[in-house]
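What follows draws every value from the coordinates through simple rules; no lab data is involved. Remember, predicted model here, so these are calculated numbers, not experimental data. Please note: Cβ atoms are built from the backbone with ideal geometry, for glycine as well, and neighbour counts cover all protein chains shown.
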Amino acid sequence: MTQRLPVFIQLRRLVASTLKRNTLDVKTIMASTCVEENTEAKQNIVTIEEGQAKVIIESANNVFYNPVQQFNRDISTAVLTLLANERLEKQGPQESKPQAGIRYENGIRVLEALSATGLRSIRYAKEVPGVKEVVANDISEKAVKSIQTNVAHNGVEELVTTTQSDAGMLMYQHKHPKDRFDAIDLDPYGCPSQFLDSAVQSVADGGLLLVTSTDMAVLAGNTPETCYVKYGAVSLRIRACHEMALRILLQCIEAHANRYGRYIVPLLSLSVDFYIRVFVRVFSGPVHCKRTTSKLAMVFTCVGCESVTLQPLGLVHQHPDKPHIDKFSLPSAPSVGVTCEHCGHKHRIGGPVWSANIHDMDFVSKLETIVQEREFGTKKRMQGMLALVSEELPDVPLYYTVDKLCSTIRSETMSLLHFRSALLNAGYRVSLSHAHKNSVKTDAPVSFLWDVMRAWEQIHPVRRDRLPSHAAAILSRTPAATISFNLHEKANPESRQMGLVRFQENPQRYWGPGTRAKASLPSEELPKRKKNQGKRNRSLSTSPSGKHFRDDASVPV
């Protein structure tokens, strides 16, 4: 009599024999699926039209394209148009009006160091009149092939030169004055600081740098220690963080330029959506570099009421006997006490930041004319943004927000018109900032701002028994000045009266920088998510006693 095998052994043999019979079928199915996916991927071709350019993208995972930044590309095209016009005007009267899409031997040379699809370079070639050459560069082989395809598709082979190189190395190869570019566009994914050293050396004297930064969490004060590593400045988490981000980036560019006897002149600095974009001219002149300390400042902010005070790094005076000679000196420090004079709390210190003008108003005025004459996909927003910039007080760094001031003393929120009226009625200048819709830029001292809030609280009282210590300290004083909330004729900004698109709402979900393209990563580099898996375990080793020690320390964790 044959002994019967246990049930679990019978089941195991049955499963094994079934898998063996079906192995070929499984492999065939898998191969068939891969072919279908590959065939589908080859057919996944998207044509994108923006401005006068039409680009073809075969796969969203290979080459990076972000439709969110159309405003960035539109404003950059307008800025380069103004630069090209100025170049041709300096050369004397032209026989005919310059046209876009035609090569001009005396025109400008533009480098887009991180080109991806080539969309921006193609737009520069087809929309900016007076161009000699646009160099579209990318380190990715897939991206370069995409650029070449799109250049041919748009018929701009005569104007656009495609290169595959490391952006920094390419710019270092153009340091000689005769090889420099008239304009360099840097639009990286994240922080641009790794490209700035080579960029400030390879741009022509009086040339233009167009720089984008998308790591706003770092610049806005979430990780001030990381901001110092990347930009050489400590960021602060305050309401004016978006303008402070602009000023941190500007001082970073200036620091790189100063190392080579060069300095910058900001033309336009914008905080837009999830990124910042600056347009600066670069000049050579070691003597002018000495003025840099007078253009930088440290920022003191109170941890209680968030009052902001700037401490300049240096001062410039005219020599009493020789007006054409500058005299440099150091300021007295610190400009604040140990505790805040308004609420008694301690201060935090950040910076250095760029404290001089961040816009050239003459340049902005000319740019408004170009935007008015041309057609752009984001024209309405460009007009509104430039109108706001033209209204900003150029000599007042940073801003306050009405909602934060009211929140500090726990009062009912004051309307922006009433707050502006209180400042204007007292004889102070006031403006908005393009970086925040409830912002207030003013030359009024901080003490007067709190007088305005005290006067407002007298009209709209708050419960004093529930106030935090800093709010109680502010409201314990009586206003030192007479405050009038009567509506001033200039309280309503002109850009608001005209109904311009000043602060655009997010048009769709996940309105942000997107995901970095796989083609932009070197072959040996892993995505950050995968690279950091098990990072903590790798950094720890186990001692014989079972306690964990770091590899570089002898202290248990």
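Extension gain, Ala217-Arg429: 0.36 nm per intervening residue step, less the Cα-Cα distance, totals 73.2 nm. Each peptide in 269-282, 373-386 was scored by the mean count of other Cβ atoms within 10 Å over its residues; highest first, the order is 269-282, 373-386.
Legend: Rg and Dmax of the range 395-497, from Cα coordinates, 13.4, 42 Å. All other residues whose Cβ lies under 10 angstrom from that of Val316 are scored, Lys and Arg at +1 and Asp and Glu at -1, for a net of +3. Between the alpha-carbon centres of the range 225-269 and the range 158-196 there is a gap of 20 Å.
Under 5 Å from the amide H of Leu111 lie the amide H atoms of Val135, Ala183, Ile184, Asp185, each residue being 5 or more positions distant or on a separate chain, with H modelled from the backbone and absent for Pro and chain starts.
Fully extending the segment from His288 to Val316, taken as 0.36 nm per residue of separation minus the present Cα-Cα distance, adds 8.9 nm. Extension gain for Gln148-Glu95 works out to 15.8 nm (0.36 nm per residue, less the C-alpha to C-alpha distance). When only the Cβ of Lys, Arg, Asp and Glu is charged (+1, +1, -1, -1), the dipole of the range 265-360 relative to its Cα centre reaches about 280 debye. Each of Lys290, Lys441 has some number of other Cβ atoms within 10 Å of its Cβ, and from fewest to most they run Lys290, Lys441. On the basis of the beta-carbon distance and an R0 of 30 Å, Arg259 and Met169 show a calculated FRET efficiency of 0.95.
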